[in-house]
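What follows draws every value from the coordinates through simple rules; no lab data is involved. The structure displayed is predicted, hence computed values, not measured ones. Positions of Cβ are generated from backbone atoms using ideal geometry, with glycine treated the same way; all protein chains shown enter the neighbour counts.
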Amino acid sequence: MLDAGGILVFPEPGRVLPPLREAGVDPDLATLERAHYRAMAIQDSEALPPVQESWWRRYLISYVAACGVAEDQCEPLAAEMSQRVRGRSWAHVGLGAMDGLRAVAALGLPMGVVSNSDGSVEGDLRRLGVCYASDGLEPSAPGVQVGVILDSAVVGVAKPDPAIFHIALDTLGVPADRSVLHVGDSLRYDVAGAVAAGLQPVHMDPYGFCPAPDGHPHVRNLAELAGSLISNQR
């Protein structure tokens, strides 16, 4: 199972770059993706989880700092961006994400997406041609077919609550045990949630930002994950 944000999709450059450029920085795509992982690691390091009302603004403070914005500009810029950058903001398919996703799909294992989102993730992943969940009654769509795409806003439960993983596993017809991997970019939501559900967490951590790296495996990208799974099958 895969998270969506930070694994498949990232904040849309067309929405975040204009205010960043106004602040005097012009990061490339790789820097924007790196900023995402830095922001997630900082949230993982905080004692308390962010509340829903302030999550996006708090994320953006660390995100713009990692993009090179001056320290004294980060909070006001994040406050401005939290209002300007809304709706369909997670619409950039990550660099190498599709090649990695296809490599994982080629293994022929049951696969699904489990995301804390706002009700838009399934439609967005389909629209972007990343992946889709089909019941067999509709034509195939662009992207990779998966068994289930769960959105916390739709099912009414969010990571790290293990219930959202169990809903996905029931749909896939797969038992909850350590043979099931969940790949995510957050200690707080993905690693802790997978452990609570009895699964094996895999932390997507391409820059080594994980603040508590012991006790769970890390990968830099999905292609690396696919390669490790192939090696384990031999």
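Listed values, structure above:
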quantity: Charge dipole of the chain about the Cα centre (unit charges at C-beta), most positive-ward option of V130, Y207, I230; calculated: I230
quantity: Region 11-84: equivalent-ellipsoid semi-axes (sqrt of 5 x gyration tensor eigenvalues, Cα, Å); calculated: 19, 13, 11
quantity: Normalised contact order of region 11-84, rounded percent, pairs of Cα under 8 Å and 6 or more residues apart; calculated: 35
quantity: Cα shape, region 138-234, gyration tensor, a/c 1.5 rule; calculated: oblate
quantity: Dipole magnitude of region 11-84, debye to nearest 20 (Cβ charges: Lys/Arg +1, Asp/Glu -1, about Cα centre); calculated: 140
quantity: R0 of 41 Å, Cβ-Cβ distance E71-R220: FRET efficiency to nearest 0.05; calculated: 0.90
quantity: Histogram of C-alpha separations across region 41-92, 5 Å bin width, %; calculated: 4, 20, 27, 26, 19, 4
quantity: Around L181: net Lys/Arg minus Asp/Glu count, Cβ-Cβ under 15 Å; calculated: -4
quantity: Alpha-carbon centroid distance for the pair region 20-76 / region 149-204, whole angstrom; calculated: 25
quantity: Extension gain (nm, one decimal) between R84 and S45, 0.36 nm per residue minus Cα-Cα; calculated: 11.4 nm
quantity: Potential lengthening between D170 and T31 on full extension [0.36 nm per residue; Cα-Cα distance subtracted]; calculated: 46.3 nm
quantity: Ratio Rg/Rh [Cα only; Rh per Kirkwood] for region 34-176; calculated: 1.01
quantity: Calculated [θ] (222 nm, deg cm²/dmol) that DSSP helices of n ≥ 4 give over the chain, each run adding -39,500 (n - 2.57); calculated: -12500 deg cm²/dmol
quantity: Two-site label geometry, D99 and L229: point separation in nm, points 7 Å out along Cα→Cβ; calculated: 1.8
quantity: Order of E224, E22 - criterion: other Cβ atoms within 10 Å of each residue's Cβ, fewest first; calculated: E22, E224
quantity: V154 paired with R57, simple spin-label distance in nm, labels 7 Å along Cα-to-beta-carbon; calculated: 3.0
quantity: On Cα atoms only, tilt of 13-22 relative to the major axis of the chain in degrees; calculated: 20
quantity: Computed magnitude of the charge dipole of region 1-145 (debye, nearest 20; Cβ of K, R +1, Cβ of D, E -1); calculated: 220
quantity: Label-point separation, A212 to R127 (7 Å along Cα→Cβ), nm; calculated: 3.6
quantity: Taking S115, S89, S134, S186 and counting other C-beta atoms within 10 Å, the order from fewest to most; calculated: S134, S89, S186, S115
